[in-house]
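What follows is one structure encoded as structure tokens, with my remarks underneath.
The values are calculated or read from the model by the stated rules, or taken from the named source; none is laboratory data. Fair warning: this is a prediction, and the values are worked out from it, not measured in the lab. As a convention, Cβ positions derive from the backbone with ideal geometry for all residues, glycine included, and neighbour counts pool all protein chains shown.
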Amino acid sequence: MASSTLPLGLVLVSSLVGYFVIASAGNLYQNFDVTWGDGRAKILNNGDLLTLSLDKASGSGFQSKNEYLFGKIDMQLKLVPGNSAGTVTAYYLSSKGAEWDEIDFEFLGNLSGDPYILHTNVFSQGKGNREQQFYLWFDPTADFHTYSILWNPQRIVFSVDGTPIREFKNLESIGVPYPKSQPMRIYSSLWNADDWATRGGLVKTDWTQAPFTASYRNFNAKACVWSSGANSCASNTPSSTSADNAWLSEELDSTGQERLRWVQKNYMIYNYCTDVKRFPQGLPPECNAA
């Protein structure tokens, strides 16, 4: 594939079977399409800023132009300020089909002064039920913060401002499905979910506060862009000493593991792996893995 066919800002790093590794940054026009909202989603400042808005008539959303099969993806978000109860800002990777894969950040709004809940989930082959939820150690509406997904053949790591909050390992060896063969797009949406989002639906959206707006900037990705239309990827992803490809085998070092434990000790508010009432036949196998 000639490099001249790549969108502006994409740099070919190394060819793999069915996909290629790229470094992508910056201009949101180049990387995303507004997909719904009838004008409520806007790309501004020559592509440096994207905003989603929600009012009583509709929310809005966007998706990436490319599909990815593995990547290290960063986006800065500033969430809906004030009384955001009933709203959900979703930012996630997802494939298509009945047995889809998905990696989720969802931000559940709350009454003014109460903390947002950061909801995470991992789906593989159409099955999720792997929720972990957190409070954040800062006000996510006051400024932009970086929300990152590392997805490589060995693990998925969710991070906030470089601090890992969750790791989901590839444990296919003990029968746990892992998303590794279906390319996924990046999606984001701002929508009304007051039937469940805030205190189980007890707190409804206050439409006098509308429009609600979330903002995005500084997208950056080192990722494998799916380009062949094949439904699977090479099982023998090559290792590389290149700094650009280091994420393909990246894992948490001792400092990262320590920070992960700090977040989970102090800010985790729900973990499916401790919800024995939900799994009366026994917790999922990954919950008991070392």
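Do we find a residue being loosely packed, with under 15 Cβ neighbours inside 10 Å, in contact with a Pro (Cβ under 8 Å, 6 or more places away or on another chain), at positive phi and not β-branched (Val, Ile, Thr) anywhere in the range 159-181? So far as the range 159-181 goes, yes, one or more of its residues are loosely packed, with under 15 Cβ neighbours inside 10 Å, in contact with a Pro (Cβ under 8 Å, 6 or more places away or on another chain), at positive phi and not β-branched (Val, Ile, Thr). Screening the candidates Thr146, Thr120, Thr141 for the property of being of a type in the set (S, T, N, Q) and part of a loop (DSSP other than H, G, I, E, B) yields one hit, Thr141.
Being in contact with a Gly (Cβ under 7 Å, 6 or more places away or on another chain) and at negative phi holds for only one residue in Asp195, Asp143, and it is Asp195.
Among the strands (runs of 3 or more DSSP E) contained in the range 6-108, which hold 2 or more residues that are basic (Lys, Arg), in contact with a strand residue (DSSP E or B) (Cβ under 9 Å, 6 or more places away or on another chain) and at pLDDT 95 or above?
In the range 6-108, 68-78 are the strands (runs of 3 or more DSSP E) which contain 2 or more residues that are basic (Lys, Arg), in contact with a strand residue (DSSP E or B) (Cβ under 9 Å, 6 or more places away or on another chain) and at pLDDT 95 or above.
Filter the range 245-281 down to the residues that are aliphatic (A, V, I, L, M), without any contact (Cβ under 8 Å) to a residue 12 or more places away in the chain and outside any helix (DSSP H, G or I) and list them by number.
As a first pass, look at the range 245-281 and keep what is aliphatic (A, V, I, L, M): 246, 248, 252, 260, 263, 268-269, 276.
From what is left, the residues that are without any contact (Cβ under 8 Å) to a residue 12 or more places away in the chain are 246, 276.
The one that is aliphatic (A, V, I, L, M), without any contact (Cβ under 8 Å) to a residue 12 or more places away in the chain and outside any helix (DSSP H, G or I): Val276.
Being in a strand (DSSP E or B) and more than 15 Å from the chain's Cα centre (by Cα) is the filter here, so list the residues in the range 123-138 that pass it. Before the answer, list the steps.
Pass one, the range 123-138, residues in a strand (DSSP E or B): 123-124, 127, 132-134.
The one that is in a strand (DSSP E or B) and more than 15 Å from the chain's Cα centre (by Cα): Lys127.
Out of all the residues in the range 185-205, which are out of contact with any Phe, Trp or Tyr (no Cβ under 6 Å at 6 or more places or on another chain) and crowded, with 17+ Cβ neighbours inside 10 Å? Within the range 185-205, Arg185, Ile186, Ser189, Leu190, Trp191, Asn192, Ala193, Asp194, Ala197, Thr198, Val203, Thr205 qualify.
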